[in-house]
Amino acid sequence: MPDDFERMWGDLAPVGRSASSGGYFRQPFASAERELAQWFVEQCAARGLRVETDEIGNAVGWWDVGSGPAVLTGSHLDSVLDGGAYDGPLGVVSALAAIDLMRARGVVPTRPVGVSVFVEEEGSRFGLACLGSRLASGALSWEAARELRDRDGVALGDVVPGAASSLLSSVGTFVELHVEQGRDLVDRGAAIGVASEIWPHGRYRFDFAGAANHAGTTRMEDRQDPMLTYAMTALAANKQARLAGQRATFGRVAVTPNGTNAVPSAVTAWLDARCSTDAGLAELVDAIGRQGSERADRDGTSLTVTAESVSGAVTFDPALAAAVAADHEGGAWPIIPTQAGHDAGILSAAGIPTAMLFVRNPTGVSHSPAEHAEVADCLVGVSALADTLDRLTR
Ligand code: HGY
Ligand code: MN
Ligand code: MN
Ligand code: MN
């Protein structure tokens, strides 16, 4: 099976997966996405899996066997800008490999098994994470989603036909395998782990408004510089997150008019904040906003904070997590929290019993070409996923 795994991993050709250069910014709803969809269709066809897609671009390869509520496994193929090669694709490749392994073991499920690819999990183009799974699970309506716009102002409704999705209507359980985005498994010396929960997290737009002026002729005391207010707010975000033992960063900034020799008129920055509790997340963002507004008063600028998307805490079903973790002759796999959002969180919040398996990442780094997983650990993940699917479909 390792050869198969390596071949499939190498076959992720449209993305040109390469551990050295990491992943690509797999722009959803564009040519790269279509090439990835074609790769997935070919992988499913090679296994006799019936491919079902919805109007948004989500896809499931169905192993039509047995009857009753289906067990679905899978992840996403899109990425963040210059991201890693494993975040997302590892879950899809491992799901296909797990079906190969179940068949090699002579397992015949009593229920249908599906392999899913949800689009725009990172929200890299339209700004809303888990866009595909939110639409597929009904957590988000197409009427609301179609107006989402990318950085060029293109609306989602103009890119995909869209409609309510019925892709998950027969799904009884979802299991997502994912590369770990952190060092918990490394520190524990475990090849895989099981998710207990997903931290609350959100994306917030900070609009700083000032007064455009000449960068050279305007005295420092006469400026209303939104870049200064932004910089001090970024400092405050770092300080508040450290004080609270939580996570916050401004990963994206847009400057208007973005000229070297002009004091900007406006700066828009997007904050990503994560916290172990819902209340803590709200307090953290409020504290950052307050400090930013106080600074704006001093700078003669203004600050408006808009919560663009907030995902509440997700706690996975403890019995299901324990059952998945226990599927190991050497004793139970560790059950650990994650600060990363996942499609599994959306499906769980939509009421579908869900579990997550993590594969050790020796670097602990993610959303970067440094993200990595050893094939040996990946194969342990495939075997654990196959065990889990087998047990869930007996
Ligand atoms: O951003 C996240 O939490 C995930 O990697 N989509
Ligand atoms: Mn990610
Ligand atoms: Mn991911
Ligand atoms: Mn000039």
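Computed from the coordinates by the stated procedures, all read-outs in this text should not be read as laboratory data. In this text the structure is predicted, and so the values were computed from the model without any measurement. Note: ideal-geometry Cβ built from the backbone for every residue, glycine included; neighbour counts use all protein chains shown.
Taken over the range 341-394, the residue count meeting the criterion of being assigned to a loop (DSSP other than H, G, I, E, B) and under 30 Å from S67 (Cβ atoms) is 7. Checking each residue in the range 68-78 for being touching a residue at least 60 places away in the same chain (Cβ under 8 Å) and either within 11 Å of ligand 3 (Cβ to nearest atom) or of a type in the set (G, A, S) (or both) picks out G68, A70, G74, S75, H76, L77. Would you mind stating whether E176 is within 16 Å of ligand 2 (Cβ to nearest atom) and out of contact with any strand residue (DSSP E or B) (no Cβ under 7 Å at 6 or more places or on another chain)? So E176 does not fit the description; no. Scanning the range 358-374 for residues that are closer than 21 Å to H76 by Cβ and away from ligand 1 (no atom under 16 Å from the Cβ) yields a total of 1. Of all the criteria given as (1) within 16 Å of ligand 1 (Cβ to nearest atom); (2) crowded, with 20+ Cβ neighbours inside 10 Å, the one not satisfied by L389 is (1).
Being within 26 Å of L140 (Cβ to Cβ), surrounded by 24 or more Cβ atoms within 10 Å (Cβ to Cβ) and among the aliphatic types (A, V, I, L, M) is the filter here, so list the residues in the range 60-89 that pass it. Listed by number, the residues that qualify are V60, A70, V71, L72, L77. Among the residues of the range 108-130, the one identified as outside any loop (DSSP other than H, G, I, E, B) and either among the hydroxyl-bearing types (S, T, Y) or surrounded by fewer than 22 Cβ atoms within 10 Å (Cβ to Cβ) (or both) is S116.
Could you grab me the full set of residues in the range 90-122 that are within 13 Å of ligand 1 (Cβ to nearest atom), touching a Leu at 6+ places or on another chain (Cβ under 6 Å) and farther than 15 Å from L357 by Cβ? The one that is within 13 Å of ligand 1 (Cβ to nearest atom), touching a Leu at 6+ places or on another chain (Cβ under 6 Å) and farther than 15 Å from L357 by Cβ: E120.
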